[in-house]
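Participant: Here you go, one structure.
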Amino acid sequence: KHGDRKYAEHALTDYVFVGLDFVKQTMTKNGFAPERVFVIPYGTDVRGYRPIERPARPGFNVLYVGPLHYWKGLHHLLDVVPRLDVPGARLTIVGRADPDWAPYFLPRIAALGDRVRHIPGMPKAEMERAYAEADVLVFPSLVGGIGLVCYEAMATGLPVITSDGDVVIRHGIDGLSIPLTDLGAWQSALTELAADRPRRLALGAAGAERVKAF
C-alpha cells in the first residue's frame with residue numbers, strides 16, 4: 001500500500017526536507033522525529049508578475065484561485081459570502097471543477113447568484129488580469145495555507161488572506177492569517193479590508209516586498 005511504503009521510506013531516512021512548516025508539523029504528529037525534518041520554504045519565479053496599480057473603484061472583488069475541492073477549504077469560503085454586508089462585494093473563483101466535488105460545489109455556487117462568478121479555467125498568461133481586477137486574494141486551504149498562487153498574488157501587490165501563513169506570511173504585516181473555521185473572523189477581515197483601501201494597499205506592498213525572499 002502507498003501508506004505502508006511511505007512509512008517504510010521514513011524509517012530508512014536520516015533527514016527530510018519539506019516546503020512547509022505545516023508538513024513538518026504533520027510528520028512530527030505522526031511520529032517522525034522533529035530534529036530530522038528541515039523546512040526549506042517553497043519558492044517561485046515571480047518575474048512574470050509585477051506590482052499592479054489599483055485605483056479606487058466601486059465594489060469589492062474577492063479572488064479565489066484553485067480547484068473546486070474540499071481540501072482547498074472552498075466550502076468555508078462559500079459559507080462566508082452570504083454573511084458579507086459589503087456593497088458590491090463579489091467572489092471570483094478561478095479554477096476547474098474537480099469531478100468528484102463538482103456535484104457539491106457547482107449548485108452551491110449557483111445558489112449564490114451574482115455574488116459569485118466562476119471562471120472554470122484561465123491561461124497562466126492571463127492571470128495577471130485576474131489579480132489586477134481583485135482587491136484581495138483568499139486562500140482557505142485545509143492542508144497548508146501557502147500555495148504558489150499566494151506568491152503570485154503577493155508579487156502583484158494584492159493582499160492575501162490565508163488559513164495559515166506558515167513561514168511566509170506574517171499576520172498583520174505581509175498579509176492576514178486566520179483560522180480556517182473561524183467564519184466570523186474571515187467575515188470581519190474581509191469587511192474591514194473592504195472599508196480600508198489604504199490598509200489593503202499597505203498589506204499588498206509589504207507582501208510584494210516579502211515575496212522577494214522566496
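Participant: Quickly rank 191-197, 149-155, 88-94, 205-211 as a protection proxy: mean count of other C-beta atoms within 10 Å, highest first. Write out the running numbers ahead of the final one.
Facilitator: Details: 191-197: 15.4, 149-155: 25.6, 88-94: 18.0, 205-211: 19.6.
Order by mean packing, descending: 149-155, 205-211, 88-94, 191-197.
Participant: Classify region 27-116 as rounded, prolate or oblate, taking a ≥ b ≥ c as the square roots of the eigenvalues of its Cα gyration tensor: rounded when a/c is under 1.5, otherwise prolate if a/b is larger than b/c and oblate if not.
Facilitator: Because a/c hits 1.5 or more and a/b fails to exceed b/c, region 27-116 counts as oblate.
Participant: Something else about it: Normalised by the number of residues in region 59-179, what is the relative contact order in percent for Cα pairs under 8 Å and 6+ residues apart? Let's see the in-between values first.
Facilitator: Numbers: 211 pairs, mean separation 31.2, N = 121.
26 percent.
Participant: Using alpha carbons only, how many angstrom separate the centre of region 133-186 from the centre of region 4-51?
Facilitator: First find each Cα centre; the distance between them is then 20 Å.
Participant: Would you calculate, for the chain, the mean residue ellipticity at 222 nm contributed by helices, counting each DSSP H stretch of 4 or more residues as -39,500 (n - 2.57) and dividing by all residues, to the nearest 500? Numbers along the way, then the final one.
Facilitator: On the way: 8 runs with 79 residues, N = 214.
The helix contribution divided over the chain gives -11000 deg cm²/dmol.
Participant: I'd like the FRET efficiency for THR26 and LEU183, computed as 1/(1 + (r/R0)^6) with the beta carbon distance as r and R0 of 22 Å, rounded to 0.05.
Facilitator: E between THR26 and LEU183, to the nearest 0.05, is 0.40.
Participant: Hey, what's the Kirkwood Rh for the chain if you take every pair of different alpha carbons, in angstrom? Please list the in-between numbers first.
Facilitator: Numbers: mean 1/r = 0.0551 Å⁻¹.
About 18.2 Å for the chain.
Participant: Taking R0 as 35 Å, what FRET efficiency do you get between ASP100 and ARG36 from their Cβ-Cβ distance, rounded to the nearest 0.05?
Facilitator: It comes out at approximately 0.50.
Participant: Using each residue's phi in region 50-62, evaluate 6.51 cos²θ - 1.76 cosθ + 1.60 at θ = phi - 60° and report the 3J(HN,Hα) Karplus result to the nearest Hz, with x for Gly and Pro.
Facilitator: 9, x, 10, 6, 10, x, 4, 7, x, x, 8, 9, 9
Participant: Once you sort the root eigenvalues of the Cα gyration tensor of region 138-214 as a ≥ b ≥ c, which label holds: rounded (a/c under 1.5), prolate (a/b larger than b/c) or oblate (the other case)?
Facilitator: oblate
Throughout, read-outs are computed from the coordinates displayed, never taken from laboratory work. Remember, it's a predicted structure, so these values are computed and weren't measured experimentally. FYI the Cβ positions are ideal-geometry reconstructions off the backbone, even for glycines, and counts take in every protein chain you see.
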